[in-house]
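What follows is a set of notes on a single structure, which appears directly below.
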């Protein structure tokens, strides 16, 4: 999996940071791409990357502030020229009205089916390999956080152990060891297959949070995650004002990462007042050393 940051700024575009958008690229899952938020000019930034609209199957919107959604109508329209498959959009209450009104008023006709789901708590997506849960965070408007979980993969078949202990050679019976709890050997002996399967490979966990003050929901969504993507809008000296307007400082994001026992914290949604981010990074790393600050077009593979 790869996280590709298309926009890492807060509120308004800046020369060095566009507004919020993040692509999750998954070569291991048929090349699927999931988009998280779609601020103004997101599709222009996409043109500078390897992201393909034809591979984009899910869009998750955290909240309805303009710096997170104003790029969405244009992207949906452009996608019609790709001859692509159906698209699913998830977000808080109001995302359906926003999309449908914009498409109607601009006379935009989509050539593909679009499914819009509004939900603010619980399981929002699941297939055979992954699931996504959402919780309502603490912002000035309804803002969602998403927990993306890759399901554990079955362990490897211990072929050498089967050969040595059971005297079997590779063949049709081997397949049964991964499909059944018990198998019957040619001599009639019953064998518990779990004894011949290696440990399951633990799936990856990613938490991507929308704008928020520090809150328990952030900790819950990020608990034991491999990566937490959290806003770090302001420095510590601006915390009081940040919290008043529903935002967090970089230091407060680090406190969430520490409380949730995540492996790595990636800060985004950086105020345009910070041309340099050394101060933000220092304050965050003082609490949680495994912190980095994302830049536009920066990616992280995990």
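The values are calculated or read from the model by the stated rules, or taken from the named source; none is laboratory data. All of these numbers come straight from a predicted model, not from anything done at the bench. All Cβ positions, even for glycine, are placed from backbone atoms using ideal geometry, and neighbour counts span all protein chains on display.
Here's the yes/no breakdown for (1) under 23 Å from residue 293 (Cα atoms); (2) under 13 Å from the mean Cα position of the chain (by Cα); (3) modelled with pLDDT under 95; (4) surrounded by 23 or more Cβ atoms within 10 Å (Cβ to Cβ):
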| residue | (1), (2), (3), (4) |
| --- | --- |
| 1 | yes, yes, no, no |
| 14 | yes, no, yes, no |
| 17 | yes, no, no, yes |
| 34 | yes, yes, no, yes |
| 73 | no, no, no, no |
| 81 | no, no, yes, no |
| 84 | no, no, yes, no |
| 88 | no, no, no, no |
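Exactly one of these conditions fails for residue 118: (1) under 21 Å from residue 227 (Cα atoms); (2) surrounded by 15 or more Cβ atoms within 10 Å (Cβ to Cβ). Give me its number.
Tallying (1) under 21 Å from residue 227 (Cα atoms); (2) surrounded by 15 or more Cβ atoms within 10 Å (Cβ to Cβ), residue 118 fails exactly one: (1).
Sort out which residues of the range 275-294 are out of contact with any strand residue (DSSP E or B) (no Cβ under 8 Å at 6 or more places or on another chain) and crowded, with 16+ Cβ neighbours inside 10 Å, and write them in order of number.
Correct list: 287 only.
So which residues in the range 127-165 are crowded, with 20+ Cβ neighbours inside 10 Å and either without any contact (Cβ under 8 Å) to a residue 40 or more places away in the chain or outside the structural domain of residue 68 (by TED's automatic domain parsing) (or both), if there are any at all?
162
Go through the residues of the range 155-163 one by one and say whether even a single one is part of a strand (DSSP E or B) and either within 30 Å of residue 11 (Cβ to Cβ) or out of contact with any helix residue (DSSP H, G or I) (no Cβ under 8 Å at 6 or more places or on another chain) (or both).
There is no residue in the range 155-163 that is part of a strand (DSSP E or B) and either within 30 Å of residue 11 (Cβ to Cβ) or out of contact with any helix residue (DSSP H, G or I) (no Cβ under 8 Å at 6 or more places or on another chain) (or both).
So, of the residues in the range 166-192 that are under 40 Å from the mean Cα position of the chain (by Cα) and crowded, with 17+ Cβ neighbours inside 10 Å, which turns out to be farthest from residue 139 (Cα to Cα)?
Residue satisfying both the conditions and the ranking: 183.
Do you know which residues across the range 122-145 are part of a loop (DSSP other than H, G, I, E, B), within 16 Å of the chain's Cα centre (by Cα) and over 16 Å from residue 36 (Cα atoms)?
Result: 127, 129.
Among helices (runs of 4 or more DSSP H) lying entirely in the range 51-110, which contain 2 or more residues that are in contact (Cβ under 8 Å) with a residue 24 or more places away in the chain and touching a helix residue (DSSP H, G or I) at 6+ places or on another chain (Cβ under 8 Å)?
Where helices (runs of 4 or more DSSP H) fall fully within the range 51-110 and carry at least 2 residues being in contact (Cβ under 8 Å) with a residue 24 or more places away in the chain and touching a helix residue (DSSP H, G or I) at 6+ places or on another chain (Cβ under 8 Å), they are 72-79, 95-105.
With the range 196-302 as the region, which helices (runs of 4 or more DSSP H) entirely inside it contain at least 3 residues that are farther than 17 Å from residue 9 by Cβ, in contact (Cβ under 8 Å) with a residue 12 or more places away in the chain and assigned by TED's automatic domain parsing to the domain that holds residue 38? Break it down stepwise before answering.
On the way: elements: 216-222, 239-244, 250-260, 278-285.
The helices (runs of 4 or more DSSP H) meeting that bar are 216-222, 250-260, 278-285.
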